[in-house]
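Trainee: Input: one structure, supplied below.
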Amino acid sequence: MEAPPVTVMPITSGTINMMEYLLQGSVLDLALESLLHRLRGLCDNMEPETFTDHELVYLLKGQQGNPFILRARRSLSHPTAPWHLRYLGQPEVGDKSRHALVRNCVDVAASHSLPDFLNEMGFRMDHEFVTSGHIFRKGAMKVVVCSVSRVLVPGNTENTERMSLSHLVELSVLAPAGQDTMSEDMRSFAEQLKPLIHLEKIDPSKQRH
Amino acid sequence: MSGGPAVRISIESSCEKQVQEVDFHGTETYVPPLSMSQNLTKLAQRIDFSQGSDSEEDGGEGEPGDREWGKQEEEEGTVKFQPSLWPWDSVRNNLRSALTEMCVLHDVLSVVKEKKYMALDPVSQDLTAGKTPQVFQLISKKKSLATAAQLLLKGAEKLSKSVAENQENRRQRDFNAELLRLRSQWKLRKVGDKILGDLSYRSAGSLFPHPGTFEVIKNTDIDLEKKVPEDYCPLDVQIPSDLEGSAYIKVSIQKQAPDIGDLGTVNLFRRPQKSKGGTQPWHVKLEAAQNVLLCKEIFAQLSREAVQIKSQIPHIVVKNQIISQPFPGLQLSISLCHSTGEKKSSRASPEKPKPDDHLYVLEHNLHQMMREFHKQQLSSVVMPHPASAPFGHKRLRLAGPMAYDKAEISNLQQSEGLLEKIIKQAKHIFLRSRTARTIDSLASRIEDPQIQAHWSNINDVFESSVKVLITSHGYEQICKSIQLQLNIGVEQIRVVHRDGRVITLSHQEQELQDFLLSQMSQHQVHAVQQLAKVMGWHVLSFSNHVGLGPVESIGNASAITVASPNGEYAISVRNGPESGCKVVVQFPRSQIKDLPKSDVVQDTKWNQLRGPHKEVNWSKMEGRNFVYKMELLMAALTPCP
């Protein structure tokens, strides 16, 4: 049997080379209801869905440089759904006038043995958290409104503690690189949410300092 | 009153004198009454000299009158303060001043009369008006009339304007009401100063790229003078020009291949537009446009599939027609008929008397399938779990973790297109109608045995079934041997025999016909078998497929031999689908006179053996059908007890 050809060059087409366009914001729990109400009106006419996810962030520390980070996520509300393994690249510096944060993104659906596999590979879990909230869709845009909770006992998702009294709101689109019209659409959508929430381009690397 | 005791009532005259003051003791001091002369003075003072009884000087003496009023007031004042004065003093004063005035007037008039020193000139307007000639009067009258008329006109204008405004307001209200009604049924949005609506099925899951927008127009500038037409509506809609008119999808099956020159020129004829009473004109318009849009979408989808799908005989897409060959020599044509205006309909009308070869079922199914496709599109979009996962088909996301192989993945992705489905349906419909025709033509052509078909009323789009019974007239109860269940599919017909045998026939018409013919010929032999049982005859041999005799082109001949109850006679029947039936009767040797002498069988006991066969001239037999004839024959050969 002929062995499949090994790809050495990065794949430049297909679903691999996708970019995530992201806008973030946060809303106080008091204003959550009105935001959800507004989103229900603006987004596609679908049944509003709630979710509860458990995310584990894995690090692979090499000899030098930054550690390699992978995020493994599973749905607590849908236990049979596959795990989701995600790699997020550094935000692109590029165009300052662009309205959204753009970063490389690789999405892989994985089986339930993903944590074991990552451990075997040498990844170590850095931290974990539980998010729960609502998910909306408008065309290709995904709006996630969720609260983030700290896992008190590692591995026990029952025992959690809210991080803050506000919800995280993320507006994201997955698109091939260079589709700046996407960020236009996102901006206009964010404009419509303006009085309730200000969705902005937040660079996580700058947040740390 | 009359019976009561007299009550004494003292009446006192009311005080005629005015009370000046009341003491603390309660005693009232009165004003002393006026004396006669005082009273006269008081009355004299009341005389109003300004109201002269002489009317001649009324106009001219207006001002002096005023002056006298002033004088009188003054005098009154003096009178009040000097009550001891002579009572007629004020009267005298007035008279004197009047005399003075009169003297002055007399002097002035006499001077004026001389015309030497003084002349009268019109000073005040009142005087001129009084003394202008008639022409001026007329002019001034005209002028005043004109101003009056102008005023009236202005008022009328204002009134009519307000009425119009009212009407306009009402129309505006009507427009708003209509807009509200429109809004409750159609998607609307405001872009700039326009109101745009959405005709497309995008919200229902359609992927057709046509924008499908219409514009809402305010139709309120209607001439107020003219009569408002009955179907007037303050709201009008403007639909895109390519969605105007009416459209439908025409599906038809033709036997012969048409000339290639005819392709793509399907005649467009308008269906009579049904206008339901009570619905708004814009609603009718929008529904028609939406129907055009859906037809276009169906056709676009079909043409795209027709080009993409690789089939043995390629589908042809020409202009507004898609041609496909489901079976050899058969042509399925799907065309989009879109008539945009009156012009085309008039042109196409002479061709209308052509036979209506619509396959309405398929047309309806096309619409239904398109909507199913829409629904599928809508329901296939599910929210990802976990939430960070990308949108997409859930099943495809399972493929990696569940380690699906290529076959499983292609299974997931494979979905039959609209065109494939409709071709399959067309094939089935065609096969079904041809089966029905074959059975009917056989039934009408062949009277004996009879063939009956019982069609099931409820069918699947790809499968229907018919029960075929072959019977003989008058013997339905005993001859139930052949009962066939024909399951008509898309490409083939499965025949389920009563005994459980399954035979698969292709779509070829001849196969079914041959099969039914052979079944009919078998039926006759089966009928003889059944009849023998009833008549008390014994079946000596029976074969569905005889290996002897002439070869039949269709199926095999079947044969049976039955013996009479006492065994003297035997009847042999051979029935072939093509060769027909041959009935032979075997007689006992004893009945045959001219039996050839044999050297072997000489003993009389051999007379009990059956003798030679004789063929029955079957067509000369009495009886209306085969089984009846057979019954008569059997009866004839059965000895009377």
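Trainee: Going by the structure shown, is B:V496 open to solvent by 30 Å² or more (accessible area, probe 1.4 Å) and within 47 Å of the chain's Cα centre (by Cα)?
Mentor: Yes.
Trainee: While we're looking at this one, here's another question. Limited to segment B:515-524, what total is found for residues that are under 50 Å from the mean Cα position of the chain (by Cα) and in contact (Cβ under 8 Å) with a residue 60 or more places away in the chain?
Mentor: Qualifying residue count, segment B:515-524: 1.
Trainee: On to the next question. Of the residues that sit in segment A:106-131 and are in a strand (DSSP E or B) and more than 9 Å from chain B (Cβ to nearest Cβ), which one is most open to solvent (accessible area, probe 1.4 Å)?
Mentor: Only one residue fits best here, namely A:R124.
Trainee: Could you tell me whether any residue of segment B:529-536 is open to solvent by 60 Å² or more (accessible area, probe 1.4 Å) and in the same structural domain as B:M630 (by TED's automatic domain parsing)?
Mentor: yes
Trainee: A further question follows. Within segment B:477-493, count every residue that is among the small types (G, A, S) and either open to solvent by less than 10 Å² (accessible area, probe 1.4 Å) or at pLDDT below 85 (or both).
Mentor: Counting residues in segment B:477-493 that are among the small types (G, A, S) and either open to solvent by less than 10 Å² (accessible area, probe 1.4 Å) or at pLDDT below 85 (or both) gives 1.
Trainee: Restricting to segment B:202-227, give me the number of residues that are more than 17 Å from B:V284 (Cα to Cα), among the hydroxyl-bearing types (S, T, Y) and either assigned to a helix (DSSP H, G or I) or at pLDDT 85 or above (or both).
Mentor: Qualifying residue count for the region: 1.
Trainee: Also: I'd like the residue in segment B:228-257 that is at pLDDT 80 or above and acidic (D, E) and, out of all such residues, is surrounded by the fewest Cβ atoms within 10 Å (Cβ to Cβ).
Mentor: B:D242
Trainee: Take the residues in segment A:61-79 that are more than 17 Å from the chain's Cα centre (by Cα) and open to solvent by 60 Å² or more (accessible area, probe 1.4 Å); name whichever of them is nearest to A:G133 (Cα to Cα). Don't jump to the end; show me each part of the working.
Mentor: Filtering segment A:61-79 down to residues more than 17 Å from the chain's Cα centre (by Cα) leaves A:61-67, A:77-79.
From what's left, open to solvent by 60 Å² or more (accessible area, probe 1.4 Å): A:61, A:63-66, A:78-79.
On the way: A:K61: 32, A:Q63: 38, A:Q64: 38, A:G65: 35, A:N66: 31, A:H78: 14, A:P79: 16 Å.
Step by step, filter segment A:61-79, then rank; the result is A:H78.
Trainee: With respect to A:F136, determine if the residue is open to solvent by less than 50 Å² (accessible area, probe 1.4 Å) and within 14 Å of chain B (Cβ to nearest Cβ).
Mentor: For A:F136, the condition - open to solvent by less than 50 Å² (accessible area, probe 1.4 Å) and within 14 Å of chain B (Cβ to nearest Cβ) - is met.
Trainee: Scanning for something under 29 Å from B:S203 (Cα atoms) and under 19 Å from the mean Cα position of the chain (by Cα), does segment A:148-166 turn up at least one residue?
Mentor: First pass over segment A:148-166, keeping only residues under 29 Å from B:S203 (Cα atoms): none.
Scanning segment A:148-166 turns up no residue that is under 29 Å from B:S203 (Cα atoms) and under 19 Å from the mean Cα position of the chain (by Cα).
Trainee: Here's another thing I want to ask about it. Restricting attention to segment A:80-93, which residues are open to solvent by 60 Å² or more (accessible area, probe 1.4 Å) and modelled with pLDDT under 90?
Mentor: Within segment A:80-93, A:T80, A:Q90, A:E92, A:V93 qualify.
Trainee: Next question. When you check B:G77 against the structure, is it more than 60 Å from the chain's Cα centre (by Cα), at pLDDT below 75 and not aromatic (F, W, Y), yes or no?
Mentor: Values: more than 60 Å from the chain's Cα centre (by Cα): yes; at pLDDT below 75: yes; not aromatic (F, W, Y): yes.
Against the criterion (more than 60 Å from the chain's Cα centre (by Cα), at pLDDT below 75 and not aromatic (F, W, Y)), B:G77 qualifies.
Trainee: Now for a separate question. Which one of B:E178, B:E165 is assigned to a helix (DSSP H, G or I), open to solvent by less than 60 Å² (accessible area, probe 1.4 Å), more than 22 Å from B:F373 (Cβ to Cβ) and not assigned by TED's automatic domain parsing to the domain that holds B:M369?
Mentor: B:E178
Trainee: Which residue, of B:R371, B:R347, is at pLDDT 85 or above, more than 10 Å from every other protein chain (Cβ to nearest Cβ) and either in a loop (DSSP other than H, G, I, E, B) or farther than 27 Å from A:A81 by Cβ (or both)?
Mentor: B:R371
Trainee: Then there's this: For the condition more than 30 Å from B:F515 (Cβ to Cβ) and open to solvent by less than 40 Å² (accessible area, probe 1.4 Å), what is the one hit in B:P390, B:P449? Quick ask: steps written out before the conclusion?
Mentor: On the way: B:P449 fails: more than 30 Å from B:F515 (Cβ to Cβ).
Within the list B:P390, B:P449, the selection yields B:P390.
Trainee: So, in segment B:504-514, how many residues would count as being surrounded by 14 or more Cβ atoms within 10 Å (Cβ to Cβ) and either in contact with a Pro (Cβ under 8 Å, 6 or more places away or on another chain) or farther than 12 Å from B:T435 by Cα (or both)?
Mentor: Qualifying residue count, segment B:504-514: 1.
The values are calculated or read from the model by the stated rules, or taken from the named source; none is laboratory data. A quick note: this is a predicted structure, and the numbers were derived from the prediction, not measured. Methodologically, a virtual Cβ is constructed for each residue, glycine included, from the backbone with ideal geometry; neighbour enumeration extends over all protein chains shown. Ligands, DNA and RNA are stripped out before the accessible areas are found, and what is left, the full protein with its side chains, is counted by its heavy atoms. Shrake-Rupley method; radii C 1.70, N 1.55, O 1.52, S 1.80 Å.
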